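A quick write-up on the structure given underneath.
Each reported figure results from applying straightforward, stated rules to the coordinates on display, with no laboratory input. Treat the numbers as computed from the prediction; the structure is a model and nothing was measured. Here the Cβ is made from the backbone with ideal geometry for all residues, glycine too, and neighbour counts use every protein chain on show.
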Amino acid sequence: MEVVSADVPLEHYLVLSGMLFTIGAYGVLARRNAVLILMSVELMLNAVSINMVAFAVYTAPSLFTGIIFAIFIIAIAAAEVGLALAIVLRVFRNRGTANVDEINALKW
């Protein structure tokens, strides 16, 4: 397998991934809306996927381990969003808000 992105060094992908992960972590810690928190978690998972694919291409391009892990992460992220959005919608119907500060009890 030929390395497609040989012109772009690995550090650029790592910086991009680090910036995306930092923005996602800030979103999880600073936001109060549950939907925005889910979007931030997705951003963090995508940053991890970029890291996996970049390391797979630069370290062992003949093996597809990083790419397979990235596909696994995308599948897990899709399942997580589907389940979490169902929970957020249910809580919104019962309480009328998606603010995580107001959702402090699981029993109602």
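Observations
- Spatial offset of the range 75-108 relative to the range 1-74 amounts to 25 Å, using the alpha carbon center of each.
- With each label modelled as a point 7 angstrom along the Cα→C-beta vector, the Asp7-Ile76 pair spans 3.4 nm.
- Coarse-grained scattering of the range 67-108 at q = 0.16, 0.24 Å⁻¹, given as base-10 log I(q)/I(0) from a Debye sum over alpha-carbon atoms: -0.52, -0.78
- Residue-normalised convex hull volume from the C-alpha trace of the range 16-96: 59 Å³ per residue.
- Dipole size of the chain about its Cα centre, with +1 on Lys/Arg Cβ and -1 on Asp/Glu Cβ: approximately 700 debye, rounded to the nearest 20.
- Residues with amide H under 5 Å from that of Thr97, placed H, sequence gap 5 or more: none
- Given the chain, longest segment not containing exposed loop trypsin sites (Lys or Arg not before Pro) (DSSP; at most 13 other Cβ within 10 Å): 33-106
- Vicinal HN-Hα couplings computed from phi for the range 84-91 (Karplus, 6.51 cos²θ - 1.76 cosθ + 1.60; Hz; Gly/Pro x): 5, 5, 5, 5, 5, 5, 5, 5
- Computed from backbone phi, the HN-Hα couplings of the range 30-45 come to 9, 7, 10, 7, 5, 5, 5, 5, 4, 5, 5, 5, 4, 4, 5, 5 Hz, rounded to whole numbers (Karplus: 6.51 cos²θ - 1.76 cosθ + 1.60, θ = phi - 60°; Gly and Pro given as x).
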